[in-house]
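The structure appears right after this line, and notes come after that.
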Amino acid sequence: MSDFEEPLHMTPDEFRRRGHEVVDWVADYMANIEQYPVLAQVQPGDIRAKLPPHPPEHPEPFADVLADLDSIIVPGITHWQSPDFFAYFASNATGPAILGDLVSSGLGVQGMAWATSPAATELETHVCDWMVEVMGLPERFLSTSDGGGVIQDSASSGSLVSMLAARHRLGSADAIARMTLYTTAQSNSSIEKSARIAGIPHERVRFIDVDDTFAMRPDALAAAIDADLAAGLVPMAVVATTGTTSSAALDPLHAIADITEAHGLWLHVDGAYAGSATVCPEFRYLNDGLERADSYVFNPHKWLLTNFDCSLLYVADRDALIDALSILPPYLRNQATESGEVIDYRDWQVPLGRRFRALKLWFVLRHYGMAGLRAHIRRHVAWAREFAGWVEADPDFEVVAPVPLALVCFRHTGGDDVNRRILDTCNASGELYLISTVLDDQVVLRLAIGSVTTERRHVEAAWKAITAAAGCVGGSS
Ligand SMILES: *Cc1c(COP(=O)(O)O)cnc(C)c1O
């Protein structure tokens, strides 16, 4: 006996009604995005203090849930979709991507194997192949070659499974026990985390020296590999980055590939941020040398108009990945899998289960067309160059790293404290959100343009706010 008033579930009719309300809510949020302080102005614990200590015993009206969204949740949101969001790298959310994700939720399929939803697998394979064409990626990454693409939840996961494949390729337990990994201190934190999970301790991750553009020095890489070989260690892989998180530095892929090929090392390339730019022919040079990489990852969920989560991983040899990750218990066996004619993407990732992420990317590609993708990237790059020009023209400021894309690293010449205070003043104002990094042991401000909502006037306003903050904190004469 149940004391529950029927119906238990939200009916399709009620879903339709509530769904319209929620879509209206999101559309209102988009329309009002400029009104919010970019960085959430709350203290730790503020949000939880407004939530009831216990979950409801009885059903609550849907309207109450929506009301609490406004009163409790929104004040604790840092508004990544704000046009004044210049921190980290953007996390693009767009109408078509949100709707594609909604359809994915509505279908509720779990596409771990081809048989568990053939369209989920085949659309994913297809959009990954499309992106090879759109971005001018090497043909070895096509599903019709020995390689192929897969959509992961994050670049972190893509890098991790690449490391697991590289490790598996070493073969013997003895080699695995002595494996070493090469990257730079500028690479993303996810790289060392991947290494740690793959069983490579910090002591065997080599952070190769960088040049004055913060890019990996191939001579230093070669020397480190030679030293490790002489010490009886087993060099396993190099992780190069095109577009580092700190400063968008570009590791020289060809020079690095000369070394990885000579020693039989796995070359993984992390283009999480910069990869999206290669939808434009003028940025295709970023892919030079990728045809010599074993794996490559980039994030449409950063700068390619697609909601988190959507990260594409390409491998040149899919068997290397599948051999490392495939486990086939009786309950996962099926005719399609046994036939060898289908892709089972569970063998390309860490989790068994997987969302139908290809839908949102497909919606995006069709809504914007390739011309739309290119226009999106180009305006951000143009504004970043303009911003860098303003910085250079101001005697109190300097640009401290090359600006290949839409990230500008700059600093006030007054020293670390002044830069920290400029940052804190800007972020506390709620008018914009920036973060800092450290380059050459100096605090550096980072302005990353990438929001879908950003217009040129927001970039201008950001520069005004930064120079005004410099005046307030005593950084200007
Ligand atoms: C953002 C970023 C990552 C991490 O991306 P996730 O998808 O959040 O794991 C990795 N590498 C670079 C260069 C990045 O900028």
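The values are calculated or read from the model by the stated rules, or taken from the named source; none is laboratory data. Here the structure is a predicted model, which means the values were calculated and not measured. Cβ sites come from the backbone with ideal geometry, for glycine too, and all protein chains shown count toward neighbours.
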**Item:** Identity of the residue in the stretch 144-181, of a type in the set (V, I, T) and closer than 26 Å to F308 by Cα, that ends up surrounded by the fewest Cβ atoms within 10 Å (Cβ to Cβ)
**Value:** V161
**Message:** Every residue in the stretch 432-477 that is touching an Asp or Glu at 6+ places or on another chain (Cβ under 6 Å) and within 25 Å of L305 (Cα to Cα), please.
**Reply:** L432, H458
**Item:** Pick from the stretch 133-152, criterion over 18 Å from the mean Cα position of the chain (by Cα) and β-branched (V, I, T), ranking: nearest to F283 (Cα to Cα)
**Value:** V134
**Prompt:** In the stretch 266-300, which residues are of a type in the set (G, A, S), more than 10 Å from the ligand (Cβ to nearest atom) and within 24 Å of A166 (Cβ to Cβ)?
**Reply:** G289, A293, S295
**Prompt:** What do you reckon, is M236 of a type in the set (A, V, I, L, M), in contact (Cβ under 8 Å) with a residue 40 or more places away in the chain, surrounded by 24 or more Cβ atoms within 10 Å (Cβ to Cβ) and more than 15 Å from the ligand (Cβ to nearest atom)?
**Reply:** yes
**Message:** So, E203, is that one farther than 30 Å from L434 by Cβ and assigned to a helix (DSSP H, G or I) or not?
**Reply:** yes
**Fill in**
Checked the stretch 301-318 for anything within 10 Å of the ligand (Cβ to nearest atom) and either at pLDDT below 95 or among the acidic types (D, E) (or both); matches are D309
**Item:** Candidates I343, I327 - the one that is assigned by TED's automatic domain parsing to the domain that holds D317, touching a Ser or Thr at 6+ places or on another chain (Cβ under 6 Å) and not in a helix (DSSP H, G or I)
**Value:** I343
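Matching residues to (1) in a helix (DSSP H, G or I); (2) within 20 Å of the chain's Cα centre (by Cα); (3) more than 30 Å from L434 (Cα to Cα):
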{"position": "Y88", "(1), (2), (3)": "no, yes, no"}
{"position": "A97", "(1), (2), (3)": "yes, yes, no"}
{"position": "L102", "(1), (2), (3)": "yes, no, yes"}
{"position": "G106", "(1), (2), (3)": "yes, no, yes"}
{"position": "L123", "(1), (2), (3)": "yes, no, yes"}
{"position": "C128", "(1), (2), (3)": "yes, yes, yes"}
**Request:** Can you tell me which residue within the stretch 47-86, out of those that are in a loop (DSSP other than H, G, I, E, B) and within 16 Å of the ligand (Cβ to nearest atom), is surrounded by the fewest Cβ atoms within 10 Å (Cβ to Cβ)?
**Result:** T78
**Message:** Can you tell me which of (1) surrounded by fewer than 17 Cβ atoms within 10 Å (Cβ to Cβ); (2) at pLDDT 95 or above is the one S117 doesn't meet?
**Reply:** (1)
**Request:** Determine whether the stretch 182-195 contains at least one residue that is of a type in the set (K, R) and surrounded by 15 or more Cβ atoms within 10 Å (Cβ to Cβ).
**Result:** no
**Asked** Are any residues in the stretch 100-120 closer than 19 Å to L328 by Cβ and of a type outside the set (V, I, T), and if so, which ones?
**Response** Q110, G111, M112, A113, W114, A115, S117, P118
**Request:** Quick one: L250 ticks every box in (1) under 25 Å from D319 (Cα atoms); (2) buried (at least 18 other Cβ atoms within 10 Å of the Cβ) except a single one, so which number is it?
**Result:** (1)
**Asked** What is the one condition in (1) surrounded by fewer than 20 Cβ atoms within 10 Å (Cβ to Cβ); (2) out of contact with any strand residue (DSSP E or B) (no Cβ under 7 Å at 6 or more places or on another chain); (3) not in a loop (DSSP other than H, G, I, E, B) that V459 does not satisfy?
**Response** (1)
**Message:** Please determine whether any residue of the stretch 175-184 is more than 16 Å from the ligand (Cβ to nearest atom), in contact with a helix residue (DSSP H, G or I) (Cβ under 6 Å, 6 or more places away or on another chain), closer than 28 Å to A358 by Cβ and not hydroxyl-bearing (S, T, Y).
**Reply:** no
**Request:** Could you tell me whether any residue of the stretch 354-361 is within 30 Å of E282 (Cα to Cα) and in contact with a Leu (Cβ under 6 Å, 6 or more places away or on another chain)?
**Result:** yes
